[in-house]
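Undergrad: Quick one: structure below, then a few questions.
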Amino acid sequence: MKIKSINPSNYEIIGEVEVSSENEIKTAVKNAQKAKQDWKELGVKGRAIELRKLYKVFESNQEEYAKLGSQEMGMPITDSRYDLEDGLRYFKWYLDKANKYLSPEKTINTKEYSNTVYYEPYGVAAVIVPWNFPFSNVIWQVIPNLIAGNVVVFKNSEESILCGKKIDEYFTQAKLPKGVFQQVFGDGKVGDTLVNQNINLISFTGSTKTGQRLYQLAAKKMIKAVLELGGSAPGIVFEDADIDIVIESIDFNRYGNCGQICDGLKRLIVHESVADNLLSKLKKVVESKTVGDAADESTQIGPLVAKRQLALLEVQVKDALNKGAKIVAGGKRPPDLKGAFYQPTILTNIKSNMRVWQEEVFGPVLPVMTFTSTHQAIELANDTDYGLGGYIFTQDKKRAQTAARDLETGMVSINGSSYLNPESPFGGYKCSGIGREHGKYGLHDLTQIKVVAS
Ligand code: NAD
């Protein structure tokens, strides 16, 4: 059986990939089990030497991969190049810094005795990722696992399956030891077969629905699951916010990547006194966006990843309109484009029982509510099952810190500052996940912690 890859800019088939059989998946896990001891014994420095070869292969093929990712999932080519650059920034950090955070640490060191903590790999990690950042999704999950000493059986999304094939080619060129990185190809069924094998860790990025399923399975197997899941980040705009900064942040965090960013700003909560001004400025910006084929250098907003994602977005918007929402901008497909396109949209008159408020909206649609007191703003912000990102806009430092404290989210940005750095933890509260990626936090989440007394 084969999976076809479809370009969402024009619905043309751009390739196909054979789905891995059950036997192939079982063999991959067995090979990984055989490879794990040698990879562990190489140590962090030895593994970094191997992985530098891979870094070079990725670095020298950036344009090729950026074009493929853009064609396959619809990310505008200029953003796709950034996906590569930024993914490599994270990769480099692991090469340079992982040794520092994975080295043994003394917790007690007296004349009589010492306690030393070691960070040991789990063994075989089943690593499963989605499609929304065709390069960074792979780097963020695969590289920390490998440097921490886990061997990886990897499954990329069925929506970016040609990118998966390309990643395989790059690994082959880098000539890592046999069994250290292997890939299986297919949809959720292949992922399900993979996680039901003899694996030692589940390392997953994707939807909350799949994450919850994997968490149950991990409990049954009594293995660890690190889960990076969906989000519906609030953005609170206080009355003293710098409106230009707010608009710049919304432009990037809501409409960037056609709204398909896990920690993107998905619900706007604005102080009543500045709402009209902000919305009229935002409307101008949103309506000036160039929507079009992802391959076009001038495109700012490409298509959604697939027809089914467009259909879901339309259902979510229709539900809001039926319940009384009003369209400030957008609200439909651009009439002259053939692919999975949707106009960047702003919706007001939002109520908390609407799907655009309750669910994750993975598309360029921004629901807006207003508030009059800080207490009300925080209540609205936390009125969600998710807890990944949060955005606060105010010039009052004390108010910003208090609001940051009160948001039930793993990450908070104040006035557009970025928390997206390899040194800092990435992950969520509530249904947005379990565990963290990146920094010492992420590395420690991928390792067993052992204390040896002597
Ligand atoms: P998804 O859960 O449908 O799929 C993700 C991956 O899981 C795919 O590779 C898929 O084939 C696989 N999969 C599906 N069912 C499976 C099963 N039963 N067993 C094993 N594997 C299975 O998610 P999606 O819709 O492709 O991705 C979008 C979601 O990912 C959004 O919710 C987004 O917020 C989230 N996301 C989260 C982060 C983060 O770091 N928190 C980053 C990017 C995307």
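Undergrad: Gap in Å between the Cα centre of the range 353-403 and the Cα centre of the range 90-117?
TA: 39 Å
Undergrad: Right, next: For the range 393-400, what does the Karplus curve 6.51 cos²θ - 1.76 cosθ + 1.60, with θ = phi - 60°, yield as ³J(HN,Hα) per residue in whole Hz, taken in order and with x for Gly and Pro?
TA: 10, 6, 9, 8, 4, 5, 4, 4
Undergrad: Classify the range 1-103 as rounded, prolate or oblate from the Cα gyration tensor: take a ≥ b ≥ c as the square roots of its eigenvalues, call it rounded if a/c is under 1.5, otherwise prolate when a/b beats b/c and oblate if not.
TA: Here the range 1-103 falls in the oblate category.
Undergrad: Let me ask something additional. With the contact rule set at Cα under 8 Å and sequence spacing of 6 or more, what percent relative contact order holds for the chain?
TA: Relative contact order here is 19 percent.
Undergrad: How would the range 377-439 be classified by its alpha-carbon gyration tensor: rounded, prolate or oblate, with rounded meaning a/c under 1.5 and the a/b versus b/c comparison settling the rest?
TA: Cα axes put the range 377-439 in the oblate bin.
Undergrad: As a footprinting exposure proxy, order Arg213, Arg52, Arg47, Arg254 by other Cβ within 10 Å, with the fewest listed first.
TA: Listing Arg213, Arg52, Arg47, Arg254 from fewest to most nearby Cβ atoms yields Arg52, Arg213, Arg47, Arg254.
Undergrad: Pairing the Cα long axis of helix 22-41 with the longest principal axis of the chain, what angle in degrees results, from 0 to 90 and rounded to the nearest 10?
TA: Here the helix axis deviates by roughly 70 degrees.
Undergrad: Related question: Rg and Dmax of the chain, using alpha carbons, in Å: what are they?
TA: Answer for the chain, Rg first and Dmax second: 22.5, 78 Å.
Undergrad: Please give me the summed charge of the neighbours of Ile327: other residues whose Cβ is under 14 Å from its Cβ, Lys and Arg +1, Asp and Glu -1.
TA: +3
Undergrad: If you don't mind, there's one more thing I want to ask. Fewest first, what order do Thr110, Thr299 take by the number of other Cβ atoms within 10 Å?
TA: Ranking Thr110, Thr299 by Cβ neighbours within 10 Å, fewest first, gives Thr110, Thr299.
Undergrad: Fewest to most neighbouring Cβ within 10 Å: what's the order for Phe204, Phe181?
TA: So the residues, fewest neighbours to most, are Phe181, Phe204.
Undergrad: Can you list the HN-Hα couplings for the range 258-267, worked out from phi with the Karplus curve (6.51, -1.76, 1.60; θ = phi - 60°), rounded to whole Hz and with x for Gly and Pro?
TA: 6, x, 9, 10, 4, 9, x, 6, 9, 9
Undergrad: Turning to a different aspect of this structure: Between Ser373 and Lys323, what's the calculated FRET efficiency when r is the beta-carbon distance and R0 is 25 Å? Round to 0.05.
TA: Result of the calculation: an efficiency of 0.55.
Undergrad: Just from the alpha-carbon atoms, what are the Rg and Dmax of the range 183-242 in angstroms?
TA: When restricted to Cα atoms, the range 183-242 yields Rg and Dmax of 16.7, 55 Å.
Undergrad: Between Glu85 and Met222, what FRET efficiency follows from the Cβ-Cβ distance if R0 is 45 Å, with the result rounded to 0.05?
TA: It comes to 0.70.
Undergrad: Assuming R0 = 25 Å, can you tell me the calculated FRET efficiency for the pair Ile449 and Lys26, based on Cβ-Cβ distance, to the nearest 0.05?
TA: Calculated value: 0.25.
Undergrad: Given a cut-off of under 8 Å on Cα pairs at least six residues apart, what relative contact order in percent is computed for the range 102-245?
TA: 22 percent.
Undergrad: So what is the relative contact order of the range 56-131, in percent, for Cα pairs below 8 Å that sit 6 or more residues apart?
TA: 18 percent
Undergrad: Also, quick follow-up: Tell me, in nm to one decimal, what length is gained between Asn115 and Asp240 on full extension, where the rule is 0.36 nm per residue of separation less the Cα-Cα distance?
TA: Difference between extended and current length: 39.8 nm.
Here, each number is a calculation from the coordinates, and none is a lab measurement. The structure displayed is predicted, hence computed values, not measured ones. As a convention, Cβ positions derive from the backbone with ideal geometry for all residues, glycine included, and neighbour counts pool all protein chains shown.
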